[in-house]
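*Asks:* Would you mind keeping the following structure in view while I ask a few things?
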Amino acid sequence: MTSAKTTGRKTTRMKFEIIMEPDEDGFHVWCPALRGCHSFGLTRDEARQNIKDAIEGWLESADPTEHPILERARIEIAYVQP
């Protein structure tokens, strides 16, 4: 699953590991590399889409002075099977 930020610049492809665990109401999913980047979904597919959206939001709100490479990030999520 990939997504691209269109900035008019050359993009850098980045892969993020996600972890998904079933819980009482669906699936909790998070990205260990991005502190505080968590999401949830009623199904695995919904959880995958929601964490992709959460990663994009995290990257958009990250301070480029702290994470300069993130300004040009393209997201590719690598799934880890439980």
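The values are calculated or read from the model by the stated rules, or taken from the named source; none is laboratory data. Computed from a predicted model, the values in this text were never measured in an experiment. Positions of Cβ are backbone-derived with ideal geometry, glycine not excepted, and every protein chain shown enters the neighbour counts.
The rows are residues; the columns are (1) surrounded by 13 or more Cβ atoms within 10 Å (Cβ to Cβ); (2) modelled with pLDDT of 85 or more; (3) not β-branched (Val, Ile, Thr).
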| position | (1), (2), (3) |
| --- | --- |
| Thr6 | no, no, no |
| Gly26 | yes, yes, yes |
| Val29 | yes, yes, no |
| Leu34 | yes, yes, yes |
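*Asks:* Working only within segment 8-24, note down all residues that are at pLDDT below 90, β-branched (Val, Ile, Thr) and part of a strand (DSSP E or B).
*Replies:* Answer for segment 8-24, where residues must be at pLDDT below 90, β-branched (Val, Ile, Thr) and part of a strand (DSSP E or B): just Thr12.
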